[in-house]
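The values are calculated or read from the model by the stated rules, or taken from the named source; none is laboratory data. Nothing here was measured: the structure is a model prediction, and the numbers come from that model. Methodologically, a virtual Cβ is constructed for each residue, glycine included, from the backbone with ideal geometry; neighbour enumeration extends over all protein chains shown. Each accessible area value is taken on the protein alone, full model and side chains, heavy atoms only, with ligands, DNA and RNA left out. Shrake-Rupley method; radii C 1.70, N 1.55, O 1.52, S 1.80 Å.
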Amino acid sequence: MKEVILPSYSIGKDSYEAIGKISHLYGNKIVLIHGEKAYKACQEKLNSYIRKFDCKILKSYLYGNDATYENVDSIINDNEVQNADMIFAIGGGKCIDTCKVIGDKCNIPVITVPTIASTCAAVTKISIMYTEDHLFKDIYHCRKAPNYCMIDTEVIMNAPLQYLWAGIGDTVAKNVETYFSCRNDEIEYTDELALQVSNLCYDSIVKHATKGYRDAEAKILSKELETTIQNILVSTGIVSLIINADYNSALAHALFYGLTCRKEIEEKHFHGEVVSYGVLIQLIVDKQYDKLNKTIEFYKTIGLPICLNDLGISKDDPLEDVLELTLKNKELDHIPYPITKEMIREAIDYLEV
């Protein structure tokens, strides 16, 4: 049997109204797991809705500094988690990924409350896990996706703008990588559906995201901003949930994981920002020059990286460590043809001209 689960979510500045419906489904005892700044950004509004629907907060936890198994274990070992009807995962991708692992291990429903729009973590069933040294460790596959996602567009609009910026870059990759990974395969209906949704991750982003980004900068809750947020959080998430796992990503993400071996990348740059650079490299390797030029022109409208210097790396850096890790990454296990270090290096140099 093949089971297809699509995201359930509410969106708008009153999205927390969904707590009324959610509590009827799962219960009223809530554990909050959050980032410190993230909770502050939504605490007053979220807690007012929690009180409105007679729900009880058993305990509130800071998730830690990264999505690590050590942070997961420290929270699981608290008895209050075992008594909860729901986990509210409040924050960005690393916090939400931590909560999804906790919910999966404890068999507790997870309600995601994204306070930034930077990745599709809020609706997917995978968690990107890191070591305590902040290096990529592995991908944890949960048995199911989060039970519900509450997207407060006002909270996301008021978040630091660079998260939305990076999220736009990550979203573009979902289209470019999926089409590349499944090329030449005989795909199933759900893969075709995912590919069609992935067109929103490119076409709709290119059409709406520049204005959406500028509107967020001006604190205007516009249609373009809401569309951009939904593409970052939901369109990418739908693709991730229903497409064959072999097709979920490719060189853009492999290069990101390779680049995380550099301390300055992990400390100073965002996931989606680095992935967006990898999209350009993949398009060059694949000789998709028309789409490459269109993508570069779009990137220029909001300042996404188009060369190594934009990531703080010299164009003369040999990148041997990065390329070695890139080729070892499992994101390159299912691609239409072999990719070599030389191909990636040539693509990098192409952008530097």
- Message: Can you find, among 90, 237, 18, the residue sitting farthest towards the positive end of the charge dipole of the chain, where Lys and Arg contribute +1 and Asp and Glu -1 at Cβ?
- Response: 18
- Message: Rounded to whole Å, give me the distance from the Cα center of region 89-149 to that of region 232-288.
- Response: 17 Å
- Query: Under a 1.4 Å probe, what is the accessible area of the chain per residue, stated in Å²?
  - Reply: 43 Å²
- Task: Match the structure shown to one of the listed values (i) 22.2; (ii) 20.5; (iii) 21.3 of Kirkwood radius over Cα pairs in Å, computed from it, and give that label.
- Result: (ii)
- Note on the structure: Sorted list, accessible surface of protein heavy atoms, 1.4 Å probe, largest first, for 214, 262 is 214, 262
- If you count, for each residue, the other Cβ atoms within 10 Å and average over each peptide, how do 223-230, 302-309, 49-56, 91-98 line up from highest to lowest? 91-98, 223-230, 302-309, 49-56
- Note on the structure: Note on region 142-249: contact order normalised by length, alpha-carbon pairs under 8 Å, 6 or more apart, percent, works out to 39 percent
- Volume per residue of the C-alpha convex hull in region 104-191, rounded to whole Å³: 152 Å³
- What is the local net charge at residue 256, summed over the other residues whose Cβ is closer than 12 Å to its Cβ (Lys, Arg +1; Asp, Glu -1)? -4
- Query: In nm, what is the difference between 0.36 nm times the number of residues separating residue 144 and residue 192 and their Cα-Cα distance?
  - Reply: 15.1 nm
- Message: Quick check for me: using +1 on Lys/Arg Cβ and -1 on Asp/Glu Cβ, what's the dipole size of region 214-290 about its Cα centre, in debye to the nearest 20?
- Response: 80 debye
- Item | Cα-based Rg / Dmax (Å) for region 235-284 | 12.0, 34
- Query: Counting Lys +1, Arg +1, Asp -1, Glu -1, what net charge surrounds residue 154 among other residues with beta carbon under 14 Å of its beta carbon?
  - Reply: -3
- Note on the structure: Summing +1 per Lys or Arg and -1 per Asp or Glu among the other residues with Cβ less than 12 Å from residue 191's Cβ gives -3
